[in-house]
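One structure is given here, and the rest of the page talks about it.
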Ligand code: RIB
Ligand code: CA
């Protein structure tokens with residue numbers, strides 16, 4: 001079923017693959033892309049959103065710049081993974097249009113207010129700062145959000161930025177805590193499942209052979225991702241799992257877990273804490289048919305539409 005969505009993102013190599021997947025999929029009517037600082041600074045994530053849209057010839061989709069920093073902490077620098085340009089040095093065109101004037105949070109509230117109740121979903125691919133600020137500063141508008149699908153957290157998996165913490169939640173633990181306990185119609189897509197969607201060199205060869213601009217760009221992005229890898233023969237595609245969950249939810253298994261977020265200053269800041277008093281009931285994707293999900297991703301990107 002086609003849904004109107006806003007993609008909230010910090011592109012970011014895997015964010016770029018996720019956005020190109022959404023552009024190639026009829027299930028998404030992309031109302032706009034809101035950007036957040038995360039993998040790299042806000043100016044670069046915002047420019048990159050415009051560059052990704054330019055590659056797909058979609059300069060009509062609004063790019064709206066959001067939070068330049070977490071609510072109350074310093075963020076992380078992941079140039080070692082995503083490169084100094086945030087896109088692994090892959091050749092993307094320049095944006096076709098400048099970003100919108102207003103801030104992403106004001107823009108989101110205005111769009112929520114003028115659309116039917118629950119008709120706009122948010123696909124969250126980065127730190128949750130923008131969504132937390134929307135909840136804090138525009139609660140009536142936030143109450144009109146449809147679904148929120150979040151890539152973040154680690155439940156029964158080690159973290160990827162701390163021993164138990166995953167990057168998106170650890171970049172802004174306070175924002176994650178606000179979003180998870182807000183009672184939104186939310187599903188969390190943690191490392192437990194995203195680490196099972198792994199692209200190999202064979203997949204990049206297939207994508208290049210498909211020959212579409214999106215497929216070739218994604219092949220180049222995954223090849224760049226390999227540069228930062230630990231020599232393993234595959235790389236996890238975290239953010240595309242958000243779109244893939246929307247396209248094929250039955251390829252995922254879910255549990256409702258009682259979760260809090262560690263907002264301390266230790267190495268586990270941003271980690272999910274299960275079964276703590278006061279924890280929120282969260283719908284979490286905890287299993288996945290990783291091979292089928294990867295096949296779906298490759299098939300969509302190979303379509304000639306983009
Ligand atoms: O932990 C994975 C997440 O952190 C992804 O969103 C990736 O883009 C990085 O931001
Ligand atoms: Ca991301």
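Where a number appears in this text, it was derived from the coordinates with a stated rule and is not lab data. Source: prediction; values computed, not measured. Positions of Cβ are backbone-derived with ideal geometry, glycine not excepted, and every protein chain shown enters the neighbour counts.
When peptides 291-297, 28-34 are ranked by their average number of other Cβ atoms within 10 Å per residue, the highest-first order is 28-34, 291-297. Of the residues 138, 254, 245, 82, the one with the fewest other Cβ atoms within 10 Å heads the list, and the complete ranking is 254, 138, 245, 82. A protection proxy built from the mean count of other Cβ atoms within 10 Å ranks the segments 214-222, 154-162, 41-49, most packed first, as 214-222, 41-49, 154-162.
Distance between the pseudo-spin-label points of residue 291 and residue 60 (7 Å out from Cα toward the beta carbon): 4.0 nm. Reported to the nearest whole Å, the Cα centre-to-centre distance from the stretch 118-151 to the stretch 250-306 is 17. Taking 0.36 nm per residue of sequence separation and removing the Cα-Cα distance, the residue 72/residue 276 pair yields an extension gain of 71.1 nm. Residues of the stretch 111-153 with an amide N closer than 11 Å to a point placed 7 Å from the Cα of residue 185 along the Cα-to-Cβ direction: 117-122, 144-148. Between residue 101 and residue 143, what is the FRET efficiency for a Förster distance of 30 Å, r being their Cβ-Cβ separation, to the nearest 0.05? Working from the Cβ atoms, E equals 0.70. Determine, from the Cβ-Cβ distance of residue 232 and residue 2 and an R0 of 45 Å, the FRET efficiency 1/(1 + (r/R0)^6), rounded to the nearest 0.05. Result of the calculation: an efficiency of 0.75. Peptides 277-283, 122-128, ordered by how many other C-beta atoms sit within 10 Å of their residues on average, highest first, read 122-128, 277-283.
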